[in-house]
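These notes concern the structure reproduced below.
Every number here is computed from the coordinates shown, using simple stated rules; none is lab data. Keep in mind the model is a prediction, meaning the values are calculated, not measured. With ideal geometry, Cβ positions are generated from the backbone for all residues, glycine too; neighbour counts draw on all protein chains shown.
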Amino acid sequence: MSGLNPVVIIPARLAASRLPNKPLADIHGEPMIVHVWRRAVAAAIGPVVVACGEQPIFDAVTRAGGNAVLTRPDHPSGSDRVFEALQKFDPEGHFNAVINVQGDLPTIAPAVIRSVFAPLETPAVDISTLVVEITDEGERHNPNVVKAVVGLAEGQRVGRALYFSRATVPWGDGPHYHHLGLYGYRRAALERFVALPQGVLEKREKLEQLRALEHGMRIDAALVETVPLGVDTQADLDRARQLLNRLH
């Protein structure tokens, strides 16, 4: 892509209340974080680096042949961990865009990772992310399913994100979009974002991306077809093993 030289960074830490040591969970003989790393490599966007909160994650990734960077274990968010890893991996600023892939998506399609990069084609976009249309009525009203307010015309695949909420918005007939927590940043935008104070609405909704909107940053979202399986519980892990079983 002209003008953008991206690096993919996957933040990972061992502390997880519902599934301890989650990145190291075994899936067909390999830690989950290694599966995510392989998917990101297959996306063929740029080099892939795992931002590790602890030494065992670093060891698992490097054993598999991957790039890994040790970061402070106490970062308040994944974006802070990504920024520290970026500075350590590329102190000269060679890479001017960053794709942040969550470390608990072992079945994610490489094409989905590529999709998050597309909105950065527009120079005015600071941050890019992904949405998928909600088809389950229960998800429409579930506060754990974060909704993105994006006005997409018929056939439009990328649009400007106006708000994110746990509420069912917007009102009226039409689609609702589930926000998927993958992000693309211009490097300067990520540097600005991690230096910003928490926003009022960010604290209220408990959604970090609102900090960017509250401070005037532009987020565009690309529409994809499926929600990648996020592993948060033992049941999710069992499902991931089933999904990946056919590949082994």
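The residues packed around I113, meaning those with a beta-carbon under 12 Å from its beta-carbon, carry a net charge of +3 if Lys and Arg are +1 and Asp and Glu are -1. Overall, the chain carries a charge dipole of about 220 debye about its Cα centre when +1 sits on the Cβ of Lys and Arg and -1 on the Cβ of Asp and Glu, all other atoms neutral. Length gained on full extension, A188 to N245, computed as 0.36 nm times the residue gap minus the Cα-Cα distance: 16.5 nm. Taking other residues whose beta carbon is less than 14 angstrom from the beta carbon of G93, and scoring Lys, Arg as +1 and Asp, Glu as -1, yields 0. For L196 and R160, the difference between the fully extended length at 0.36 nm per residue and the C-alpha to C-alpha distance is 10.8 nm. When only the Cβ of Lys, Arg, Asp and Glu is charged (+1, +1, -1, -1), the dipole of the range 1-104 relative to its Cα centre reaches about 180 debye.
In the chain, the DSSP-assigned H stretches of four residues or longer account for a calculated mean residue ellipticity at 222 nm of -8500 deg cm²/dmol, using -39500 (n - 2.57) per stretch and the full residue count as denominator. Here the translational diffusion coefficient of the chain follows from Stokes-Einstein with Rh set to the Kirkwood radius across Cα pairs; for 4 °C and 1.567 mPa s it amounts to 70 µm²/s. For the chain, modelled as a GNM whose springs connect Cα atoms under 10 angstrom apart, the maximal fluctuation among V98, V50, V169 occurs at V169. Were the residues from N21 through S77 laid out at 0.36 nm apart, the gain over their Cα-Cα distance would be 18.4 nm. Using the Cβ-Cβ distance between H215 and A64 with R0 set to 35 Å, the FRET efficiency works out to roughly 0.40. The range 51-82 and the range 168-204 have Cα centres lying 24 Å from one another. A cut-off under 11 angstrom between Cβ atoms defines the neighbours of E225, and their net charge, with Lys, Arg +1 and Asp, Glu -1, is 0.
If you plug the beta carbon distance of A235 and R38 into 1/(1 + (r/R0)^6) with R0 = 35 Å, you get a FRET efficiency near 0.90.
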